[in-house]
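The values are calculated or read from the model by the stated rules, or taken from the named source; none is laboratory data. A quick note: this is a predicted structure, and the numbers were derived from the prediction, not measured. All Cβ positions, glycine included, derive from the backbone under ideal geometry; neighbour counts span all protein chains shown. Surface areas here come from the heavy atoms of the whole protein model, side chains and all, with no ligands, DNA or RNA. Shrake-Rupley method; radii C 1.70, N 1.55, O 1.52, S 1.80 Å.
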Amino acid sequence: MIIPGPSSQTLSSRVARITGRKLALCDYQQFPDGETYIRIHDDIVGKDVTIIQSTPNDSDYIALLQLIDACDTARSVNVVIPYMGYARQDKRFKCGEPISARALARCIHADRVLTINIHDESILASFDAKTQNLDATPLLGSYIKSLELDSPVFIAPDASAFPLARHAARSQGHGGSDDENTCEYDYLEKTRHSGDTVTIAPKKLDVAGRNIVIIDDIISTGGTMATTIELLKDQGAGKVYLACVHPVLARNGTVRLYRAGVEEIVGTDTLEKAVSIVSVASLIAEAV
Ligand code: R5P
């Protein structure tokens, strides 16, 4: 049975449809003091259940923990966390800080935990479960391919996103060997100064008049992408498309990006937003 969490209702429904499994009906409510109330209406005793719940906000974590607890009589519990909040605090950047990703992962006990392009795979070791991290970049790559852009260049805004640019570029599939299949791809050097300001080191790229696809795991405030767009536009880039797995798009992120001149923002439904054009349901369905 698929148990949908409040933040992943559409994605859960899609996974249920693809797998032919029953979609549980759950209540998600708040008590007058703001506490979260969850109830699964279907009988899960002795069943194999898959809970699907992204955790962009603190209350989403609470809902996930409650759903796991509500499934204590199930035969097995798979937990899918399509977007894991706090995953970027995967180390102690300053003395006295918690490793938030570890703290939250340690609360989750299940038979199996699946994530999608988790910010850093080292976090997986902190779950009390068998884990698997799925890669949605070929799905993003296929969508970009459907746009039939003329020889696009895939750019990662920093070194950690470079594998994403490579995977997406390789999925453009012009036929032949891997090298022949691959569109051009490159990466930039980003330095983060605060939550919403970054600088990108200048780098001479062959982008004049070309279609560009900038790809990253997360777009949060849009600062990284907006700065990258400016740098590429200064070098004469043509149309710029943005692709990300997790469209957090906090605050005024969407507007920042359109002001910077983006043609289209493409995200996946790990977070259910207006730009979540690509669904990761098939990826999850195959894994469960
Ligand atoms: C950070 O390392 C991530 O990969 C993203 O680059 C980052 O989360 C984007 O954040 P923002 O949109 O706020 O610049």
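Sequence-distant contacts, meaning Cα pairs under 8 Å at least 6 residues apart, place the relative contact order of region 1-61 at 42 percent.
Roughly speaking, what is the stretch gain from His193 to Leu147, that is 0.36 nm per residue apart minus the C-alpha to C-alpha distance, in nm to one decimal? Residue separation times 0.36 nm, minus the Cα-Cα distance, leaves 13.1 nm.
Shown here for region 77-138: chymotrypsin sites (Phe, Trp or Tyr not before Pro) in loop regions (DSSP other than H, G, I, E, B) with at most 14 other Cβ atoms within 10 Å, namely Phe93. Shape index of region 1-112: Rg/Rh, with Rg the Cα radius of gyration and Rh the Kirkwood radius from the inverse mean 1/r over Cα pairs, equals 1.01. A Cβ-based charge dipole, computed about the Cα centre of the chain with Lys and Arg at +1 and Asp and Glu at -1, lands at about 200 debye.
Our compactness index for the chain, the C-alpha radius of gyration over the empirical 2.2 N^0.38 Å, is 1.04. Remark on Tyr185: its backbone amide H falls under 5 Å from those of Phe154, a criterion applied only to residues 5 or more positions apart or on other chains, H modelled at 1.01 Å from N. Sparse packing (at most 11 other Cβ atoms within 10 Å of the Cβ) combined with a DSSP loop state is found for the following GluC sites (Glu not before Pro) in region 144-247: Glu148. Rolling a 1.4 Å probe over the protein heavy atoms of the chain, with every protein chain left in place, gives an accessible area that is 48 percent carbon and sulfur. Under a Gaussian network description of the chain, with springs only between Cα atoms under 10 Å, the residue in Ala165, Ala103, Ala226 that fluctuates furthest is Ala103.
Taking every C-alpha pair closer than 8 Å and separated by at least 6 residues, the mean separation divided by the residue count of the chain gives a relative contact order of 14 percent. Calculated on the Cα set of region 70-227, radius of gyration then Dmax: 18.4, 60 Å. Computed on region 131-288, with alpha-carbon pairs under 8 angstrom and 6+ residues apart, the relative contact order is 21 percent.
Annotation note: trypsin sites (Lys or Arg not before Pro) in region 190-269 located in DSSP loop regions with a Cβ neighbour count of at most 14 within 10 Å are Lys203, Lys204, Arg251.
Per the Kirkwood formula applied to alpha carbons, region 190-288 shows a radius of gyration over Rh ratio, Rg over Rh, of 1.01. Considering only Gln172, Gln29, Gln235, the mean-square fluctuation computed in a Gaussian network model of the chain, springs between alpha carbons under 10 angstrom, is largest for Gln29.
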